[in-house]
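For reference, the structure discussed in these notes is given below.
Coordinate-derived values only; no laboratory data. Owing to the predicted nature of the structure, the values given are computational and were not obtained by experimental measurement. Note that each Cβ is placed from the backbone with ideal geometry, even for glycine, and that neighbours are counted across all protein chains shown.
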Amino acid sequence: MEPIPTWETKFAERHAQALAAAHRLSEDELAAHDGDALIEAVLAHHAASPVVPRFDLKWNKMQETNALGFETSDTAHPAHFSLNVPCEGAGSALFDVPDRIMNSGGTTDPLLRTKQPDYPAWQISLNLSLAAADDEVWLTFESVLRDAWDKVEESLTAAAKVANQQIDEHRAEVRAAISPVIKSRRARVIGLRSAAAGLSIPLEPVATA
């Protein structure tokens, strides 16, 4: 099975991969680790993680529209701004909430991840368009940008709360599915090894001289 990118939900596929992982745990792994620790390890590796908007890493980008004919226009090109917020966890869940954040999209930046491995792999970008001809806007743009960011943080925080409710339900379902498999398999392994040790019966063929 192909690993699922951290920012994607794909709850059904994650559920199936977690269950398969629970069945693939080796006897040595089952014997060496606590059952709850094994459950948490499988859950951490395969289940979707809660969305955490990293407002401390937010950033802006401006880009002028380069439409056909603008090179000969006697007015400045319209300017488009993206307000970008890196997100930890299954960020794509933000687009599944009932009140989806409008004028937004998700992007990844593999190059940035190679330079900063701990940087979130996915970010949500919200678009803000302003006509460059409105020169007076730039005189108070700090206020405009502050207000835009305030609205972004408010709406994104609310969306993350709703998305995380769905993710929590998914994680609970995965936990409920893998827990009996891991605990049952571990009980068998521990029971057999304990009984074999008590009776001095090896678990593998013994080479004879």
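Points worth noting:
- Most tightly packed first, judged by the mean number of other beta-carbon atoms within 10 Å of their residues, the peptides 87-94, 14-21, 173-180 read 87-94, 14-21, 173-180.
- Partner lysines for residue 161 [C-alpha distance under 17 Å; skip if fewer than 8 residues away on the same chain]: 151
- Ordering 38, 145 from the fewest to the most neighbouring beta carbons within 10 Å gives 145, 38.
- Taking all Cα-Cα distances within region 10-50, those exceeding 14 Å account for 46%.
- For residue 140 and residue 20, the difference between the fully extended length at 0.36 nm per residue and the C-alpha to C-alpha distance is 37.5 nm.
- The alpha carbons of region 152-209 give a radius of gyration and a Dmax of 23.3, 75 Å, in that order.
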